[in-house]
């Protein structure tokens, strides 16, 4: 904790022309406490909207208020004062950023009120972040998974926000400057920027959107043994998590809370060969769906790390994988790559290669002749201009597991290619063939296919065509 | 009476060796305080799971005394490579009906410290059986083998060991250790200790001793005289028929010995050398290199290389590779002759970059033709039977030919 970091709000106890009085060496001030504080934390940007309320006693006439934020990461251009009560009797006459104290400002409030009013100060700070992470434990037979989602809030802002209501924003917003940069420079320099544009953009991005969602929760006693609920709601293109009650996260600390819990999420296992996505290997996948029938679907899953274990059936866990998932909307698929399985062997063997449809170009002419077409005449003065390469492959899969497996394979070919097989393939894209096979437990299978590549003069396209045909080994 | 140690915060972690668990008998706010009352639940059980090839998972079980309401459970570690992001805290269901319902409410991570604090809610006061698991670095495994071949080299006894190296800066009293296959061990593992455990002893594994020539893989022994290097291997097939096949054989060093011929084969056991055994799935072969055979001489020459024009710049090549083989051993031997067709094409006409289209020619002499299991479009494998050398050590010169037509080259 940085003992010097402190957001200070003070009512200065002097009367008339504040700037004159401030230049003296003796000051007297009262410090109204924070009554409540709400943090709205974005995970796509290093940005947190702080909304705090304080009760201030005003006297009639000029009331100088001082707000300072030494050693914190507050964007000075974003600080705003609003009167929540007696708004018609209170006015900010001017706001001053003193040149010699970079992390401070004065509000000069003109009051018609002699008494208490609640004020709200809002500003952006950086240094408070949140992230999501997940833990999944598959059952011993790998038919279901118990999943938990967490959010972890980290406070490196330099300030301690006690008993803060915490709201987390899932989604991406647009910022034109990093708050952390703005926090480092004095207001005089910020003012020289296109401050108008800056604040307008930021507000439209964050404050307007979030202002319309009322805070939930409020003060609460000790948490029940069930733990706090994290309330999820959609808003425009965003999703907001509100942590029930309030939390205190000291500076430098982080805190991880459960955002959801799902039991017996149905799990499907598939083996995939997709070299572009998973490298040149057959990998084992866990497939799930983020929806209600799967006991999930209460929230989109924000970007985050997932750690996957399996009940090893001997009263313990096996660690399977750790990977990062990208934002998964409600209803979308969850795909976890567990890496290669030593019990499933995947081999590609090239059985045969041959060429045909060889076309010769008579040198110096535009005349072409196919080899074999005119066998009796050997044209010496000619060169190969087009041909077809044939390759016959055997894709061998051995399944040593105790379960039948489903294997999906994708193979990508450049150029003009005909893919000939009885495998009922389909085109994943114009140059990628996708086909599937099932292998019973303890058995092996061999899938034959032939790839015909048209070259030179024979290449008329740049794509793959599928052709259903039996393929022979030799 | 239960002893509850009173620790000042700063000395508490120093007092522990490495990973420590404590329960703070105080309110949440005092997590920041200097003086605490804590209980230190001991490890009841530790399991070390080595089944993941890249990570070691440690699971430890402790009985944690909890009071009704909120509890702070502090877990800290020093000088160990615990990955804090992988720590999972689970409450294990017990048959004890008096056990409280327990739930982790949140986890707090203090700055600049290898520690975390769980806030745990309990429905009642009582002890909960919890299991804490985490990935631990520097606790690694490797495999090695000891192979003792029978004197006739027809079979061997294969012992498979797992070696656990504990540089994790943490000691584990009797801990369950599991490699992902084979038996489960219960062993104490001390700090900086290396422990070798016998996983399995496979008796009487039939082996094949092979002699192979392959100019691409094993090169020439004497290029000027066209003599090929002829390495020897023991080949083990990982299947039930060969008394193996229970699990894939992991990568590891194999020390190879051979029994003596006398009455006491143990006494005459000699070290033959060592090799890295590659990862061998079930039904695949593990090949163990034994060195170069000095008694088998293979001279390889290209006897014929003829280019025939088909039309224009399109040609085919008629190539014959000749092998003159002598076996100076007293036993008949099978020699595996392996050739890469791309290599032959490149020797005959230079590399065109294209796949090789080829046909075996009529003058090929190897009996039985190519080995269909091991031959592909890129490589052919033949077996040549070599008779034993004569009584005076005189070897018969066996001549074999590989006749290949390389088609449609330009």
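Inside the range B:297-316, residues that are within 14 Å of chain A (Cβ to nearest Cβ) and surrounded by 15 or more Cβ atoms within 10 Å (Cβ to Cβ) make up a count of 7. Does residue B:341 meet the test of being within 30 Å of residue B:393 (Cβ to Cβ) and either touching a strand residue (DSSP E or B) at 6+ places or on another chain (Cβ under 6 Å) or modelled with pLDDT under 95 (or both)? In short, no. For residue A:439, the conditions (1) surrounded by fewer than 16 Cβ atoms within 10 Å (Cβ to Cβ); (2) closer than 20 Å to residue A:272 by Cβ; (3) at pLDDT 95 or above all hold with the exception of (1).
Matching residues to (1) more than 10 Å from chain A (Cβ to nearest Cβ); (2) free of Cβ contacts under 8 Å to residues at least 60 places away in the same chain; (3) surrounded by fewer than 18 Cβ atoms within 10 Å (Cβ to Cβ); (4) more than 41 Å from the chain's Cα centre (by Cα):
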| residue | (1), (2), (3), (4) |
| --- | --- |
| B:356 | no, yes, no, no |
| B:368 | yes, yes, yes, no |
| B:378 | no, yes, yes, no |
| B:388 | yes, no, yes, no |
| B:394 | yes, yes, yes, yes |
| B:406 | yes, no, no, no |
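Please enumerate the residues belonging to the range B:90-108 that are assigned to a strand (DSSP E or B) and more than 10 Å from chain A (Cβ to nearest Cβ).
B:91
Evaluation of residue A:281 against the conditions (1) at pLDDT below 95; (2) within 14 Å of another protein chain (Cβ to nearest Cβ) shows that the sole unmet condition is (1). When the test is whether a residue is at pLDDT below 90, surrounded by fewer than 19 Cβ atoms within 10 Å (Cβ to Cβ) and either outside any strand (DSSP E or B) or facing chain A (nearest Cβ under 10 Å) (or both), residue B:111 does not pass it. All conditions in (1) within 14 Å of another protein chain (Cβ to nearest Cβ); (2) in a strand (DSSP E or B); (3) surrounded by 14 or more Cβ atoms within 10 Å (Cβ to Cβ) hold for residue B:345, with the sole exception of (2).
Determine whether residue B:238 is in contact with a strand residue (DSSP E or B) (Cβ under 6 Å, 6 or more places away or on another chain) and under 30 Å from residue A:312 (Cα atoms). Answer is yes for this residue. Taken over the range B:149-189, the criterion of being crowded, with 20+ Cβ neighbours inside 10 Å, touching a strand residue (DSSP E or B) at 6+ places or on another chain (Cβ under 6 Å) and not in a strand (DSSP E or B) is satisfied by B:168, B:179. In the set (1) free of Cβ contacts under 8 Å to residues at least 24 places away in the same chain; (2) in contact with a strand residue (DSSP E or B) (Cβ under 7 Å, 6 or more places away or on another chain); (3) surrounded by fewer than 16 Cβ atoms within 10 Å (Cβ to Cβ); (4) over 26 Å from residue A:408 (Cβ atoms), the condition left unmet by residue A:316 is number (3). Checked against the criterion of being in contact (Cβ under 8 Å) with a residue 40 or more places away in the chain, closer than 23 Å to residue A:461 by Cβ and within 8 Å of chain B (Cβ to nearest Cβ), the range A:372-388 contains one or more residues that satisfy it. Residue A:228 meets the conditions (1) more than 20 Å from the chain's Cα centre (by Cα); (2) at pLDDT 75 or above; (3) within 12 Å of another protein chain (Cβ to nearest Cβ) in every case but one. The failed one is (2).
The values are calculated or read from the model by the stated rules, or taken from the named source; none is laboratory data. The structure displayed is predicted, hence computed values, not measured ones. Methodologically, a virtual Cβ is constructed for each residue, glycine included, from the backbone with ideal geometry; neighbour enumeration extends over all protein chains shown.
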